[in-house]
Structure formats: structure tokens, C-alpha cells
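One structure below.
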Amino acid sequence: MNVGIDKIGFFTSDYYIDMVDLAHARGDDPNKYLKGIGQQQQAVIPPTQDVVTLAANAADQILSEDDKDAVDMVIFGTETGVDNSKSAAIYVQSLLGISNNARSFEIKQACYGGTAGIQMALDHIALYPDSKVLVLAADVARYGLKTPGEVTQGGGAVAMLLSANPHLLRLDGQSAFHSENIMDFWRPFYKREAIVDGHYSTDVYINFFKTTFEDYCEKYQRTLTDFSALVFHIPFTKMGLKALRTVISDDAHGQKLLSEFELSKQYNAQVGNLYTGSLYLSLLSLLAKATDLKAGDRIGLFSYGSGAQGEFYSATIADELDRDALANQVEPRLAQRTKLTIPEYETLYSTGLPTDGGNVTFDKSHDTGRFILAGRQDDKLVYEDTKKS
Ligand code: COA
């Protein structure tokens, strides 16, 4: 049966900082950030947005009323959960008015959660072909002010609707995966910021890519030339480039994969890291910008979640791509953002829900999202749909 991604939506906050400004403020050469790391801008997430509102706003771009009735599973991949018990998926289901006849839950394995959700959705739809599954991948990437990881922060959400006979991408069920218990990146319960051994993490990521790619090729008797493009989880765009370089040669096909990679990193370079959503924003960038890709072309996707889980899997482009519609998911949103100064960003960075409990009401007057986190009352998060309030 034909199962895959039918629609993709995206959302990020109203604010960003420029990496040249950040480099100047931190006493670094801007080219380290722009070329060495490969990032141009970084989304800054205000207190009025969290993973629930980011994901609800992303899904709102793609779901029709019929979709909302047909969705019988909402899977939320995140490592920035809003509660130790209750899943972010339940909040999104209710904010969007998705049918209550659905299984709604959250998955965590660092940046891999969205991919786990997609694989689970594939199995579910193969069993129940009339069903639709909403997979949400949303995170806020925080490493701390004035840390080496600061240049690789960001945040946002990708929402994907999976169904039988999808219009965008057919999943062929071919996949290779690898996991190991390692400490390259993690976030203890008491911290809002991640702890990362960035150079070690990059080495593990590249090794996991090579391992899963080789396993995949052996399992399914394929070679690099079977792929029209490879897309990567890209916490910073140079990371994916480093992995790609380990498998390509200096021939025409290697050059093609390199130029497709350039297109696949465009949006990520302006948003920064979205953890779970990073691979899927890169996919959106590729599909919107690679004008030579056509129906039937095979794409390889490499997913990586620190700690660590890697997976390389494949999919083929379903119908002729509507690139304008795909670009419309991202570009108008990025174009309307407000640039913050570094001191403004530092102030926003330090605001949020009080960590010791207590009620709070946020100033939501500057947030243009439909769904907003208005605050917390009696230990309950207060979400608002601005279309209704
Ligand atoms: N012009 C151009 N390039 C420059 C430069 C300049 N003036 N100065 C430095 N660079 C290059 C370096 O050569 C290096 O490139 P390379 O990796 O290709 O060798 C790159 O910029 C980064 O420099 P480096 O000294 O390694 O930076 P750093 O020690 O500050 O750390 C990270 C960079 C990415 C490791 C750090 O930001 C980090 O840990 N980020 C988090 C990573 C992450 O999210 N991992 C887990 C998720 S999977």
C-alpha cells in the first residue's frame, strides 16, 4: 500500500537574531558562524510560545475540517515537553478541534522523536488505511548565553499529515537504524538548557550516518546513485554537510547531491535548530527549492537523536511538487519576523514560566500566532486561540 506524508506545515516565532550581530557581541569572527557553523539567523522564542502553540500553529496551516475528523492518532515528538506527565499532543488535539476518537501521546528520544512518530504512523496506516495521523515535531533549542552552543539555538515546529495515497512523499518502508547509550547531549530535569559535548556529538552523528547508510545499502541492495537527494537532521547546517562529504565523490552525482544539500539547508540556516523538526524543515526546504526533483525520485533521510538513536530511511516523491505552496509554508513567516538586538534577545531569553511555580500572565500583545501561551494559573498552563478570544 501507498502510505506517506500528504502535507507539511511549519511555524516559528515572530523574532530572530542575526548571526553577525551575535558574533560581534561574543567577540567572534562572523565567518565562524556564517561559514564555519553555517547559520545566518536564529529564531528567538518568546514566553508566549512553547512547543504546544508552535505545533498547533504549524498544524493549523495544513489541516482541513475533513482532516480533523479523519485523524485518529496525534503523535508529538519533542524534547521540550511542557509537563512531566501530560503530553503536548492532547493540548494540540483540543486547540485544533481534532476528533476525540484519537490516540494522542508524546514521544521522546532527543531529536529523533519526529522520525519515531513517522515510522509508527506508517505502521498504523498500513493496518487502518482510512486513518490519518498527525505527526508533530516541535522544540525550543537552548544551550545558554555565551556558550559555544549558543550559535546553534533556535526553535519552531513542523506538522506532518500522514495518510494513504499521499500527495507529497511515499514511504517505502525501507530503513536501517542504530542505537547506543552515549552522553553527547542531554538535559537533566533541573535544567532548561542542554548539556552538550559538541565535537564528540558531531563525530558520533557522522559515525551513525555512515553505519545506518551502509546497513541500508546492504539490506536493500542500493548505492548512492539510487538517491536524487539526501536530507539530514541539521542542528547546524555544517553538521549535515560533514556527514554528506563522507559518502560522496568528486563526480557528477556527488556534485548533484551537494547542490541539493545547499537547497535543503536554506530554511534551517534562517531558523536555527528545531531539534525534532530539523530534518523535516530541511525536507521542506529541499522540496520547495530543488526544481529538478520530480515524481518518483528517491530521497534518503538521516535522522539522529543524541544519546543516541540514528535512522536512515527512504521515500519517493509522490505527485508533481507544488513548490510555491511549499515555500508559502515558510517564507512569508520568515519575512515578517522582527529582528532583535542582542540585548533584547538576552532579556527575552531570561523570561518564561517561573521555575518555582506560581501564577503568571504574559503580555501577548506582540505575538501574531493564532495559538498563544497566555500564562499559568493554579499550576495549569493557559492556552488561547486568538480567533476565539
Ligand atoms: N572563518 C570560517 N570558519 C571558521 C572561522 C572563521 N573565522 N573560525 C572557526 N571556523 C570554523 C572551524 O574551522 C570549524 O569548522 P570545522 O568544524 O569544519 O572544522 C567551525 O568553524 C566551528 O569552529 P569550532 O572551533 O569547532 O567551534 P566551537 O568549538 O565553538 O563549537 C560546535 C562549535 C558546533 C561544536 C558548538 O556550537 C556546539 O556544541 N553546538 C551544539 C551542537 C549540537 O547541537 N549537538 C547535538 C545535536 S545532534
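The values are calculated or read from the model by the stated rules, or taken from the named source; none is laboratory data. Not measured: the values here are computed from a predicted model. Every residue, glycine among them, receives a Cβ derived from its backbone with ideal geometry; neighbour counts consider all protein chains shown. The area values use the complete protein model at the heavy-atom level, side chains included, leaving out ligands, DNA and RNA. Shrake-Rupley method; radii C 1.70, N 1.55, O 1.52, S 1.80 Å.
Values computed for the structure shown
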| quantity | calculated |
| --- | --- |
| SER278 of a type outside the set (A, V, I, L, M, F, W, C), free of Cβ contacts under 8 Å to residues at least 24 places away in the same chain and part of a helix (DSSP H, G or I) | no |
| Positions within the range 182-239 being more than 24 Å from MET19 (Cα to Cα) and among the charged types (D, E, K, R), in sequence order | ASP184, ARG187, LYS191, ASP203, LYS210, GLU214, ASP215, GLU218, LYS219, ARG222, ASP226 |
| Qualifying residue in the range 194-209 (condition: within 17 Å of THR152 (Cα to Cα), assigned to a helix (DSSP H, G or I) and free of Cβ contacts under 8 Å to residues at least 12 places away in the same chain) | yes |
| Filtered residue count, the range 327-349, keeping only those that are closer than 29 Å to ALA59 by Cα, polar (S, T, N, Q) and touching a residue at least 60 places away in the same chain (Cβ under 8 Å) | 3 |
| Residues located in the range 89-112, provided they are outside any loop (DSSP other than H, G, I, E, B) and either touching a Ser or Thr at 6+ places or on another chain (Cβ under 6 Å) or within 16 Å of the ligand (Cβ to nearest atom) (or both) | ALA89, ILE90, GLN93, PHE105, GLU106, GLN109, CYS111 |
| Hits in the range 162-174 (condition: among the polar types (S, T, N, Q), open to solvent by 20 Å² or more (accessible area, probe 1.4 Å) and at negative phi) | GLN174 |
| Answer residue from the range 175-188, given it is in contact (Cβ under 8 Å) with a residue 40 or more places away in the chain and surrounded by fewer than 16 Cβ atoms within 10 Å (Cβ to Cβ) and is nearest to GLN119 (Cα to Cα) among those | SER179 |
| Filter result for the condition that a residue is touching a residue at least 24 places away in the same chain (Cβ under 8 Å), open to solvent by 10 Å² or more (accessible area, probe 1.4 Å) and either within 16 Å of the ligand (Cβ to nearest atom) or at positive phi (or both), over ALA116, ALA126 | ALA116 |
| The range 16-38, residues that are open to solvent by 40 Å² or more (accessible area, probe 1.4 Å), in contact with a helix residue (DSSP H, G or I) (Cβ under 9 Å, 6 or more places away or on another chain) and not in a helix (DSSP H, G or I) | ASP28, ASP29 |
| Residue match in the range 148-162 (condition: assigned to a loop (DSSP other than H, G, I, E, B), in contact (Cβ under 8 Å) with a residue 40 or more places away in the chain and hydrophobic (A, V, I, L, M, F, W, C)) | no |
| Condition check for SER278: in contact with a Pro (Cβ under 7 Å, 6 or more places away or on another chain) and buried (at least 16 other Cβ atoms within 10 Å of the Cβ) | yes |
| So ARG142, is it open to solvent by 10 Å² or more (accessible area, probe 1.4 Å), touching a Lys or Arg at 6+ places or on another chain (Cβ under 7 Å) and in contact (Cβ under 8 Å) with a residue 12 or more places away in the chain | yes |
| Of all residues making up the range 189-218, the number that are of a type in the set (A, V, I, L, M, F, W, C) and open to solvent by 70 Å² or more (accessible area, probe 1.4 Å) | 1 |
| All positions within the range 92-113 that are open to solvent by 40 Å² or more (accessible area, probe 1.4 Å) and more than 19 Å from the chain's Cα centre (by Cα) | SER94, GLY97, ASN100, ASN101, ARG103 |
| Residue ID - farthest from the ligand (Cβ to nearest atom), chosen from residues in the range 129-148 that are of a type in the set (D, E, K, R) and more than 30 Å from HIS24 (Cα to Cα) | ASP130 |
| Contacts under 9 angstrom Cβ, first residue in the range 13-41 being within 8 Å of the ligand (Cβ to nearest atom), partner among the hydroxyl-bearing types (Ser, Thr, Tyr), 6 or more apart | ILE37/THR152; ILE37/THR237 |
| Residue ID - nearest to the ligand (Cβ to nearest atom), chosen from residues in the range 240-267 that are open to solvent by less than 10 Å² (accessible area, probe 1.4 Å) and without any contact (Cβ under 8 Å) to a residue 40 or more places away in the chain | LEU244 |
| Selection count where residues are of a type in the set (D, E, K, R) and within 26 Å of the chain's Cα centre (by Cα), scope the range 208-233 | 4 |
| Selection from the range 223-238 of residues that are within 16 Å of the ligand (Cβ to nearest atom), open to solvent by 10 Å² or more (accessible area, probe 1.4 Å) and touching a strand residue (DSSP E or B) at 6+ places or on another chain (Cβ under 9 Å) | PRO235, PHE236 |
| Near pairs, Cβ below 7 angstrom, 6+ apart or cross-chain, from the range 43-65 (at pLDDT 95 or above) to any residue that is of a type in the set (Lys, Arg) | THR48/LYS364; ASN57/ARG370; ASP60/ARG370; ILE62/LYS7 |
